[in-house]
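Report on one structure; see the data block that follows.
The values are calculated or read from the model by the stated rules, or taken from the named source; none is laboratory data. Given the structure is predicted, the values throughout are model-derived calculations rather than measurements. Methodologically, a virtual Cβ is constructed for each residue, glycine included, from the backbone with ideal geometry; neighbour enumeration extends over all protein chains shown. Keep in mind that these areas ignore ligands, DNA and RNA; they rest on the heavy atoms of the full protein, side chains included. Shrake-Rupley method; radii C 1.70, N 1.55, O 1.52, S 1.80 Å.
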Amino acid sequence: MKNRLSNDQLKIVMNQLYSYLIKQGANQETAKDIVQEAVCKLLLHLESIDTDKYKSWLFKVAINLYYDHCRKNKKSQYVVVEDYLITNERLIEEIMNEGNPLYIN
């Protein structure tokens with residue numbers, strides 16, 4: 001590594017990463033956990049990462065962690081539309097107003 005990574009630089013990148021994860025749809029707790037895990041991985045591999053590329057490395061690791069989180073929690077995030085269409089209990093508009101993403105089998 002050519003230059004040292006300062007704490008101030010790391011704090012700025014952590015805040016940017018947190019904001020990016022929130023924009024991607026992560027809730028606050030998940031975003032904090034992912035940022036923490038990504039920074040821990042960064043610190044473990046810091047000697048092998050060029051200082052000019054640590055930000056992109058950190059973002060890539062965090063995005064992959066977020067995708068893994070989404071895959072693990074995929075079933076609990078979606079409402080199956082077919083179930084509601086068959087029973088006619090509620091309108092699709094009501095489901096959408098609750099903020100649940102729709103999943104069609």
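A few comments on the model shown:
- Single residue of region 1-51 satisfying the filter (closer than 11 Å to residue 66 by Cα and either of a type in the set (Asp, Glu) or touching a Ser or Thr at 6+ places or on another chain (Cβ under 8 Å) (or both)) that is surrounded by the most Cβ atoms within 10 Å (Cβ to Cβ): 21
- Residues of region 60-69 classified as open to solvent by 40 Å² or more (accessible area, probe 1.4 Å) and either of a type in the set (Phe, Trp, Tyr) or without any contact (Cβ under 8 Å) to a residue 12 or more places away in the chain (or both), total: 4
- Remark: residue 79 matches the filter, which requires a residue to be modelled with pLDDT under 95, at negative phi, among the hydrophobic types (A, V, I, L, M, F, W, C) and in contact with a strand residue (DSSP E or B) (Cβ under 9 Å, 6 or more places away or on another chain).
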